[in-house]
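Notes for the one structure printed next.
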Amino acid sequence: MLLHNPGNHTILPKMEQPEIRFFTLSEQKRFIAALPDSTAGRALYFILGTGLRVAELSGLRWSDIHGSFFTVVQTIRRNRNYQEDAKTRTFLETTAPKTRAGRRTIPLSSKMQELLALQRRIQLETRLAKGQRWNANDLVFCSDIGTPYEGRNLGRVLHRTLEQAGLEQMGVHALRHTFATRAIESGMDVRTLSEILVHTKIALTLQLYAHSSMETKIKELSKMDAFL
């Protein structure tokens with residue numbers, strides 16, 4: 001038996017904060033201009049305008065939208081199936097948000113309302129064309145037959161769009177980071193942003209997004225000329 005815990009004298013390595021990937025304002029404009037006129041394109045644009053996670057976007061239903069705001073009620077994500085007799089290695093799982101804060105109401109800007117109106121009109125046309133093949137899941141962003149639109153599907157469209165726009169490759173989550181960065185730059189109250197992003201503490205929001213793009217730094221530093 002040990003008389004003392006050797007772990008008491010262990011020096012733990014310092015945790016490195018992962019690099020936050022996001023668009024500069026000029027890159028964001030190039031990206032938006034390159035987005036395809038499709039459900040996937042509108043879904044990526046919607047993340048830029050709301051900061052939703054992919055699983056939250058996949059689970060968004062028309063019944064969750066109420067005029068100028070919507071409520072996050074469910075998520076849809078693909079999980080690995082660990083059962084030995086499973087026919088497939090993964091499966092889609094629909095669940096409620098993990099925390100009470102995750103079930104939140106988010107306002108819709110005028111551009112996002114216009115985007116949803118366009119998405120609804122095009123989806124109704126697609127639904128009529130598919131007839132009995134359509135899956136009535138009430139999902140806002142879905143496949144051509146009404147099934148959930150997954151993160152990996154969005155990822156493929158994102159990579160093609162980035163390549164077309166001549167931008168560096170990054171994941172879908174970078175759009176959420178870009179939303180948060182633009183919110184900070186535009187002067188959004190940090191508590192409000194923290195609630196939208198479902199961060200448990202405001203300090204986490206500041207730690208992750210209290211940075212500026214080079215464009216913002218140049219703009220702000222130019223104001224110093226008045227004092228020099």
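Quick note: the coordinates plus some simple rules give every number you see, no bench work behind them. Just so it is clear, the structure is predicted and the values come from calculations on it, not from any experiment. Here the Cβ positions follow ideal geometry from the backbone for every residue, glycine too, while neighbour counts run over all protein chains shown.
Short to long, the 10 Å bins of the Cα pair-distance histogram for the stretch 81-183 hold 11, 26, 41, 19, 3 percent of all pairs.
With n ≥ 4 as the cut-off for DSSP H runs, can you work out [θ] at 222 nm for the chain, using -39500 (n - 2.57) per run divided by the number of residues, rounded to the nearest 500? Mind dumping the intermediate values first?
Values: 9 runs with 102 residues, N = 228.
The helix-only estimate for the chain comes to -13500 deg cm²/dmol at 222 nm.
What percent does the relative contact order of the chain come to when contacts are Cα pairs within less than 8 Å and at least six residues apart? List each step's numbers first, then the result.
Numbers: 270 pairs, mean separation 58.8, N = 228.
Once divided by the residue count of the chain, the mean separation gives 26 percent.
Charge dipole (Cα centre; +1 on Lys/Arg Cβ, -1 on Asp/Glu Cβ; no other charges) of the stretch 53-172 amounts to roughly 180 debye. With a ≥ b ≥ c the root eigenvalues of the C-alpha gyration tensor of the stretch 37-82, is it rounded (a/c under 1.5), prolate (a/b larger than b/c) or oblate? It comes out oblate by the Cα gyration axes.
Calculate the all-directions average of the projected area of the stretch 21-108's alpha-carbon convex hull, and give it in nm².
On the way: hull surface 32.8 nm².
Its average projected convex-hull area is 8.2 nm².
Farthest towards the positive end of the charge dipole of the stretch 112-224, among the residues Phe179, Val157, Leu139, is the Cα of Leu139, using unit charges on the Cβ of Lys, Arg, Asp and Glu. In the chain, what is the count of Lys pairs whose alpha carbons are under 19 Å apart, counting only pairs at least 8 residues apart or on separate chains? Taking the chain as the scope, the lysine pair count is 4. With the convex hull constructed from alpha-carbon coordinates only, the chain shows a mean projected area of 20.7 nm² over all directions. Think of the chain as a dipole: +1 on every Lys or Arg Cβ, -1 on every Asp or Glu Cβ, centred on the Cα centre; then among Leu116, Ser222, Thr24, Leu116 lies furthest on the positive end. Shape class of the stretch 124-228 from the alpha-carbon gyration tensor: prolate, with a/c at 1.5 or above and a/b greater than b/c. Each pair of Cα atoms in the stretch 80-122 enters the Kirkwood radius, and Stokes-Einstein at 20 °C and 1.002 mPa s then converts it into a translational diffusion coefficient of 150 µm²/s.
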